[in-house]
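Colleague: One structure coming up, written as structure tokens, with questions to follow.
Each reported figure results from applying straightforward, stated rules to the coordinates on display, with no laboratory input. Just so it is clear, the model here is predicted, and its values are computed rather than measured. For neighbour counting, all protein chains shown are included, and Cβ atoms are generated from backbone atoms with ideal geometry for every residue, glycine included.
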Amino acid sequence: MTKTIAKIGNSQGVIFDSALMDLARLKVGDQVTVTVHRGGSIVLTPVRPVIQPDKAAATAKRLIRKNAELFRRLS
């Protein structure tokens, strides 16, 4: 895929179409880490929040409690 660098106000930028945003699972406002490698390659890596173990456990317990009857019927 080839993109063209465009002038955006006093800056330059690359416009990502919605298909590319969907493929990368990105939306407006998401943060990315920018890495520049030797030779000029630029890599954008999405910053994905990491859930803490205690919060994950609490969320799992809440979902299990909320759906206890469904889980009983499925087992």
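Colleague: Name the most mobile residue of ILE64, ILE42, ILE51, meaning the one with the largest mean-square fluctuation, in a Gaussian network model of the chain with Cα contacts below 10 Å.
Modeller: ILE64
Colleague: Next up: Loop-only check: which trypsin sites (Lys or Arg not before Pro) in the chain are DSSP coil with at most 11 other Cβ within 10 angstrom?
Modeller: Details: sites: LYS3, LYS7, ARG25, LYS27, ARG38, LYS55, LYS61, ARG62, ARG65, LYS66, ARG72, ARG73; in loops: LYS3, ARG25, LYS27.
Qualifying residues, ordered by number: LYS3, ARG25, LYS27.
Colleague: Let me check against my output: what whole-number percent is the relative contact order of region 6-74, with C-alpha pairs under 8 Å and at least 6 apart? Mind dumping the intermediate values first?
Modeller: On the way: 31 pairs, mean separation 10.6, N = 69.
Once divided by the residue count of region 6-74, the mean separation gives 15 percent.
Colleague: Once you place label points 7 Å from the Cα toward the Cβ at ALA58 and LYS27, how far apart are they in nm?
Modeller: The modelled label-to-label distance comes out at 2.3 nm.
Colleague: Does anyone have the angle between helix 53-66 and the longest principal axis of the chain? Alpha-carbon axes, 0 to 90°, nearest 10?
Modeller: 50
Colleague: Count the net charge of all other residues whose Cβ sits under 15 Å from the Cβ of THR59, scoring Lys and Arg as +1 and Asp and Glu as -1.
Modeller: On the way: positive: LYS55, LYS61, ARG62, ARG65, LYS66; negative: ASP54.
Value of the local net charge: +4.
Colleague: What is the sum of charges around PRO46, taking Lys and Arg as +1, Asp and Glu as -1, for the other residues whose C-beta is under 14 Å from the C-beta of PRO46?
Modeller: Values: positive: ARG25, LYS27, ARG48; negative: ASP22, ASP30.
Result for the neighbourhood of PRO46: +1.
Colleague: For the chain, what is the convex hull volume of its Cα atoms per residue in Å³? Each step should come with its number before you reach the end.
Modeller: On the way: hull volume 15.5 nm³, N = 75.
Convex hull of Cα atoms, per residue: 206 Å³.
Colleague: Please give the FRET efficiency for VAL50 paired with SER75, using the beta carbon to beta carbon distance and R0 = 30 Å, rounded to the nearest 0.05.
Modeller: Working: r = 31 Å, r/R0 = 1.03.
Using R0 = 30 Å, I get an efficiency of 0.45.
Colleague: Okay, next question. At 222 nm, what value in deg cm²/dmol follows for the chain if DSSP H runs of at least 4 each add -39500 (n - 2.57) and the sum is divided by all its residues, to the nearest 500?
Modeller: Working: 3 runs with 27 residues, N = 75.
When only DSSP H runs of four or more count, the value is -10000 deg cm²/dmol.
Colleague: Rank THR33, THR45, THR59 by mean-square fluctuation in a GNM of the chain with C-alpha springs under 10 angstrom and give only the top-ranked residue.
Modeller: Checking each option, the largest mean-square fluctuation is seen for THR59.
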